[in-house]
Amino acid sequence: MNYTICNLEDEDFPEMEDMFACVFPEVETGLPDAFEYRVRNLSKGIYLDSGELAGFILCDVYGKQFEQIKINYIVVHPAYQKQGFGSILLQHVVKLCLKMKKKICLIPVMKHHILKWYRKQGFRISKVCDAAGGGKLYEMSYRV
Ligand SMILES: CC(C)(COP(=O)(O)OP(=O)(O)OC[C@H]1O[C@@H](n2cnc3c(N)ncnc32)[C@H](O)[C@@H]1OP(=O)(O)O)[C@@H](O)C(=O)NCCC(=O)NCCS
């Protein structure tokens with residue numbers, strides 16, 4: 001399937017919200033904040049020739065020297081999962097971050113297949129902290 005990767009625009013937000021509700025029905029949405037404070041040139045949508053948004057990635061920046069990029073969300077519409085779009089989107093942003101000499105991290109959803117997928121994409125657990133509500137929080141970082 002043909003696709004184009006572009007920066008996300010305000011008019012994409014309703015489509016993103018619908019997709020987000022589909023894949024994270026149980027989660028109170030952190031999407032509006034993540035969208036509002038995104039790093040624009042590192043937050044991308046993957047668009048099909050029909051104009052439909054197949055998936056998106058939202059990134060934020062951290063660190064005293066803005067040296068760290070955090071991937072807040074990566075979502076592919078259920079109808080288009082397992083066709084390579086997630087990998088294409090993630091590796092596109094990883095490549096941009098490496099070019100800018102930025103570190104890349106994320107807090108994964110703690111599901112076995114998601115952790116396995118991130119490992120396959122080059123991410124490794126880099127930090128374990130206590131979560132506010134109990135349990136542990138895991139951070140993964142991209143290893144060159
Ligand atoms: C995680 C997520 C972004 C991955 O996106 P995706 O587009 O499905 O990912 P890919 O297609 O690149 O890879 C997924 C699998 O499909 C396989 N695949 C890739 N292209 C394929 C193709 N053309 N045909 C069949 N399988 C394919 C990959 O090998 C991979 O297999 P694996 O699970 O054994 O590693 C997506 O599943 C999603 O949106 N999940 C819900 C939201 C979520 O949990 N996001 C992560 C939050 S931390």
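The values are calculated or read from the model by the stated rules, or taken from the named source; none is laboratory data. Remember, it's a predicted structure, so these values are computed and weren't measured experimentally. Methodologically, a virtual Cβ is constructed for each residue, glycine included, from the backbone with ideal geometry; neighbour enumeration extends over all protein chains shown.
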Worksheet item: Somewhere in segment 11-32, is a residue closer than 19 Å to Val109 by Cα and away from the ligand (no atom under 16 Å from the Cβ)?
Response: yes
Worksheet entry | Where a residue in segment 83-111 is of a type in the set (Gly, Ala, Ser) and its partner, wherever it lies, is more than 7 Å from the ligand (Cβ to nearest atom), with Cβ under 8 Å and at least six apart | Ser87/Gln121
Item to complete: Return only the number of the condition from (1) at pLDDT 95 or above; (2) more than 26 Å from Glu11 (Cβ to Cβ) that His112 does not satisfy.
Response: (1)
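Residues that are within 20 Å of Trp117 (Cβ to Cβ) and loosely packed, with under 12 Cβ neighbours inside 10 Å: does segment 66-81 have at least one?
Here is the first cut: in segment 66-81, the ones within 20 Å of Trp117 (Cβ to Cβ) are 69-81.
Narrowing the set further to residues that are loosely packed, with under 12 Cβ neighbours inside 10 Å leaves 78-79.
Yes, segment 66-81 has at least one match.
Go through segment 99-121 and give me each residue that's assigned to a helix (DSSP H, G or I) and more than 10 Å from Tyr142 (Cα to Cα). Before the answer, list the steps.
Step one: of segment 99-121, the residues assigned to a helix (DSSP H, G or I) are 99, 112-120.
Those that are assigned to a helix (DSSP H, G or I) and more than 10 Å from Tyr142 (Cα to Cα): Lys99, His112, His113, Ile114, Leu115, Lys116, Trp117, Lys120.
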Item to complete: Could you please find all residues in segment 115-144 being farther than 20 Å from Lys95 by Cβ and within 14 Å of the ligand (Cβ to nearest atom)?
Response: Leu115, Lys116, Ile125, Leu137, Tyr138, Glu139
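Please count how many residues of segment 85-94 are more than 6 Å from the ligand (Cβ to nearest atom) and either in contact with a strand residue (DSSP E or B) (Cβ under 8 Å, 6 or more places away or on another chain) or more than 19 Å from Asn41 (Cβ to Cβ) (or both).
6
Within segment 101-114, does at least one residue satisfy the condition of being more than 12 Å from the ligand (Cβ to nearest atom), under 13 Å from the mean Cα position of the chain (by Cα) and surrounded by 13 or more Cβ atoms within 10 Å (Cβ to Cβ)?
Start the filter on segment 101-114 by keeping residues that are more than 12 Å from the ligand (Cβ to nearest atom), which leaves 101-104.
Narrowing the set further to residues that are under 13 Å from the mean Cα position of the chain (by Cα) leaves 104.
Narrowing the set further to residues that are surrounded by 13 or more Cβ atoms within 10 Å (Cβ to Cβ) leaves 104.
Within segment 101-114, one or more residues are more than 12 Å from the ligand (Cβ to nearest atom), under 13 Å from the mean Cα position of the chain (by Cα) and surrounded by 13 or more Cβ atoms within 10 Å (Cβ to Cβ).
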